[in-house]
Each structure stands twice: as structure tokens, then as C-alpha cells.
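Asks: After the C-alpha cells below, expect a handful of questions from me.
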Amino acid sequence: MTDLNTLEADVLAQVAAAGDLSTLDAVRVAAVGKTGSISGLLKTLGAMSPEERKTQGAAINALRDKVQEAIAAKKAALEAAELDARLASETLDLSLPAPYRRKGSVHPTMQTMDEMISIFAEMGFAVAEGPDIEDDFHNFTALNFPEKHPAREMHDTFFFNPKESGERMLLRTHTSPVQVRTMVSQKPPIRIIAPGRTYRCDNDATHTPVFHQVEGLVIDKGIHMGHLKWTLETFLARFFETDAVTTQFRPHHFPFTEPSAEMDVQCDRSGGEIKIGQGTSWLEILGCGMVHPNVLRACGIDPDEYQGFAFGMGVDRLGMLKYGMPDLRDMWSSDVRWLSHYGFSAFAAPNPASGLS
Ligand code: PHE
């Protein structure tokens with residue numbers, strides 16, 4: 001019994017003296033580990049008489065439990081002390097000024113979008129917005145996509161799981177649903193642009209699953225393709241900061257416009273760089289057309305009284321062209337070196353008076 005008392009006092013003293021977790025663990029192994037002193041005592045039970053085994057067994061087990069409890073309590077105390085020390089040494093004073101070298105910048109996509117908004121705002125366009133999560137009606141049906149038409153799949157749509165009613169919500173594949181929302185809620189004349197995020201299941205050097213578009217919509221009496229062409233040419237010349245641009249319409253198909261066109265802008269590709277406003281090449285830049293009478297009707301506007309044009313362009317793509325970024329995927333990489341190279345100062349918000357870029 002004395003042996004056990006001595007052992008107990010000895011081990012508990014070692015536990016109390018352990019100053020860190022690894023010392024404590026060494027004490028644990030030496031006492032209750034496989035070949036530890038207390039474990040060794042348990043192995044001697046087999047050679048004892050039944051009477052002795054009863055009393056000694058209970059005493060050794062009680063000792064082992066007591067030691068294990070002491071070790072667990074000490075371990076919790078050491079861990080708490082370690083955490084306190086770490087918290088004390090890792091304090092962060094959020095009121096200190098940020099180091100200069102970590103200055104943030106405006107992402108080129110946002111800069112490009114602000115430039116586009118500022119040019120169209122000067123031309124009298126208001127900004128309209130709509131939800132990123134759309135329903136089938138606003139993204140497709142009201143835009144004259146026939147039911148079950150393959151164009152719905154062509155858009156590489158991200159669909160949500162169907163609701164109980166069977167309806168499937170989706171991530172809008174273009175900003176055109178904002179046209180619908182605007183025409184349903186406002187009376188003509190209408191002159192809006194809708195900048196925003198759009199989503200398609202696509203990923204390569206010139207496509208990312210999330211991208212940005214600016215949609216334009218004008219509804220009034222007597223609107224024709226000439227208005228559309230002037231608006232877009234005026235915009236493109238301002239955007240690319242050149243005196244004039246030469247453009248061409250190429251016939252195209254969109255369910256929501258008739259006629260539909262893609263617009264190309266004349267450019268120079270010699271020297272590995274694309275220069276807008278000169279040269280002999282053409283660069284596809286946007287989609288557009290006259291609003292389809294079915295779309296006007298779906299939104300409660302009489303096509304015999306009102307006509308309109310619409311256009312949609314990719315913000316990321318226009319930014320790439322203007323600022324010479326070769327790969328669209330870099331826009332999403334959050335690489336600080338890329339951001340500080342292509343980013344813009346937050347103090348240089350684009351506006352027509354002080355300049356765009
Ligand atoms: N919504 C079309 C697209 O994303 C672009 C577009 C908008 C075309 C408006 C014509 C008119 O492909």
C-alpha cells in the first residue's frame with residue numbers, strides 16, 4: 001500500500017510540474033502507457049492470490065483513474081494557457097492604417113462597367129436592375145423563346161432543382177429579362193441600360209461561368225435600326241476613346257429581336273494588338289436588333305404603336321479589348337499581382353467630364 005501511495009504522490013507531482021503538453025504526455029506514457037509504472041502493476045495481479053488481487057486490483061485501478069483524471073485536467077489547463085498566450089500575441093489592431101503596399105484597387109470589370117454606365121448616362125439612359133435568380137418566363141418565355149426550343153439549352157443554363165409546382169428557377173443567362181421587367185412595369189418612352197451578372201455553364205480562355213453584360217433598351221414611337229446604329233457607334237467611339245468607329249451589322253438570330261444582328265467594329269490586328277478605329281479587320285462586339293413584336297405584346301405594349309431596339313454586350317470582353325487582358329479566367333483568379341497591374345484607383349471613378357480611363 002505504501003508503494004502505491006508513494007507512486008501516486010510521485011506521479012501526481014510530475015503531472016503538476018509538467019510545464020507544457022509534451023512533458024505532460026511523457027509523464028502520461030511513463031505512468032499509464034503500455035509499459036508504464038501503473039500499467040506494470042496491473043500486470044502483477046495475475047500472480048496474486050484471489051484475496052490479494054481483490055484489494056490490490058481495486059487500489060491500482062483507483063490509482064490509474066486518479067492519475068488519468070489529473071492528466072486530463074492538467075492538459076485542459078495547459079491548452080487554455082496556450083490559447084491565451086496565442087491570443088495575446090496575435091492581437092490585431094483594426095484601427096491602424098493599412099500598410100501602403102496592400103492598397104486595394106477597382107477590378108477592371110467594374111471599371112469597364114462604370115465607364116459604360118457613364119457614357120450611356122450621358123446619352124440619357126437610366127440604369128435598371130433585375131434579379132440574378134430568374135424564372136423561365138422572364139429569361140425565356142416572354143423573350144419569345146418557343147417552349148421546348150433548343151435555344152433554351154443552347155444558353156447552357158444553370159437550372160435549380162424543380163419546386164413542388166414543377167417550376168425550375170435558373171441563373172439568368174443574359175440581362176434581357178431586365179428588358180421584360182422594365183417594359184412590364186414602365187410605360188414608354190423607355191430608355192434604359194441594365195448592367196449585371198449573367199451565368200452560363202461554359203469555361204475556357206474567352207468564357208467564364210459568371211460574366212457581365214450591359215443590356216440596352218429603347219422603346220418609343222418611330223424607332224428604327226438607324227437609331228440603333230447611331231447609338232452603338234457613338235457609344236463605341238466614346239468607349240474606345242477614338243474620334244469615330246466604323247461598324248457593320250451582320251445578320252443574326254435572337255428570338256427576341258427581329259431583325260437581329262451582330263455588330264462588328266473595324267479594327268487593326270497587325271502587331272499582335274487589337275486597335276479599334278483603324279485597320280481592315282472586323283471584330284464581333286455585340287448582339288442587337290429591333291424588339292420582336294411578340295416580346296412587346298408579352299409585356300403589354302402595342303407593337304403597332306411602339307417600336308424599339310435592344311442590344312446586349314459583354315462587359316468583361318469589352319474590358320479585355322480595351323485594356324489588353326489576354327485570358328478572361330484571370331479576372332476571377334484574385335491574384336494580387338494581376339489586380340495591382342490591371343486594377344484602377346478607387347479615386348478615379350470614370351465620368352464624361354474628367355475622362356474615362
Ligand atoms: N441577350 C443576348 C445574348 O446574351 C444579347 C442581345 C440583347 C441581343 C439584346 C439582342 C438584343 O446573347
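Asks: Among the residues that make up region 244-252, is at least one of them open to solvent by 40 Å² or more (accessible area, probe 1.4 Å) and over 28 Å from N294 (Cα atoms)?
Replies: Yes, because at least one residue in region 244-252 is open to solvent by 40 Å² or more (accessible area, probe 1.4 Å) and over 28 Å from N294 (Cα atoms).
Asks: Taking the condition of being at pLDDT 75 or above and within 12 Å of the ligand (Cβ to nearest atom), how many residues in region 141-151 meet it?
Replies: Residues flagged as at pLDDT 75 or above and within 12 Å of the ligand (Cβ to nearest atom) within region 141-151 amount to 3.
Asks: Could you check G166 against (1) open to solvent by 30 Å² or more (accessible area, probe 1.4 Å); (2) within 14 Å of the ligand (Cβ to nearest atom) and say which number it fails?
Replies: (2)
Asks: For W230, which of the numbered conditions (1) out of contact with any Pro (no Cβ under 9 Å at 6 or more places or on another chain); (2) open to solvent by 10 Å² or more (accessible area, probe 1.4 Å); (3) more than 19 Å from P259 (Cα to Cα) fails to hold?
Replies: Going through the list (1) out of contact with any Pro (no Cβ under 9 Å at 6 or more places or on another chain); (2) open to solvent by 10 Å² or more (accessible area, probe 1.4 Å); (3) more than 19 Å from P259 (Cα to Cα), W230 breaks only (3).
Asks: Looking at (1) β-branched (V, I, T); (2) surrounded by 16 or more Cβ atoms within 10 Å (Cβ to Cβ); (3) out of contact with any helix residue (DSSP H, G or I) (no Cβ under 6 Å at 6 or more places or on another chain), which is the one condition that is false for V184?
Replies: (2)
Here's the yes/no breakdown for (1) outside the structural domain of A298 (by TED's automatic domain parsing); (2) part of a helix (DSSP H, G or I); (3) among the basic types (K, R):
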| residue | (1), (2), (3) |
| --- | --- |
| D114 | no, yes, no |
| S118 | no, yes, no |
| G130 | no, no, no |
| F137 | no, yes, no |
| F145 | no, no, no |
| K148 | no, no, yes |
| R152 | no, yes, yes |
| T157 | no, no, no |
| P162 | no, no, no |
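Asks: Residue under question is P303, and the condition is that it be closer than 22 Å to W230 by Cα and surrounded by fewer than 17 Cβ atoms within 10 Å (Cβ to Cβ); does it hold?
Replies: Considered against the rule, which asks whether it is closer than 22 Å to W230 by Cα and surrounded by fewer than 17 Cβ atoms within 10 Å (Cβ to Cβ), P303 comes out as no.
Asks: So C201 clears everything in (1) closer than 29 Å to S333 by Cα; (2) within 13 Å of the ligand (Cβ to nearest atom); (3) not in a helix (DSSP H, G or I) except one condition, right? Which one?
Replies: All conditions are met except number (2).
Asks: For region 22-59, which positions are closer than 15 Å to E69 by Cα, open to solvent by less than 80 Å² (accessible area, probe 1.4 Å) and under 53 Å from the mean Cα position of the chain (by Cα)?
Replies: If the condition is that a residue be closer than 15 Å to E69 by Cα, open to solvent by less than 80 Å² (accessible area, probe 1.4 Å) and under 53 Å from the mean Cα position of the chain (by Cα), then L24, D25, V27, V29, V32, G33 are the ones that fit.
Asks: While we're here: What number of residues within region 152-185 are at pLDDT 95 or above and over 18 Å from T141 (Cα atoms)?
Replies: Final tally of qualifying residues: 0.
Asks: Would you check which residues across region 279-300 are free of Cβ contacts under 8 Å to residues at least 24 places away in the same chain and exposed (fewer than 13 other Cβ atoms within 10 Å of the Cβ) and list them?
Replies: Within region 279-300, T280 is the sole residue that qualifies.
The values are calculated or read from the model by the stated rules, or taken from the named source; none is laboratory data. Computed from a prediction, not measured in an experiment: that's the story for all the values here. Here Cβ is always computed from backbone atoms with ideal geometry, including for glycine, and neighbour counts include all displayed protein chains. When the accessible area is computed, the model is the full protein with side chains, heavy atoms only, and any ligands, DNA or RNA have been set aside. Shrake-Rupley method; radii C 1.70, N 1.55, O 1.52, S 1.80 Å.
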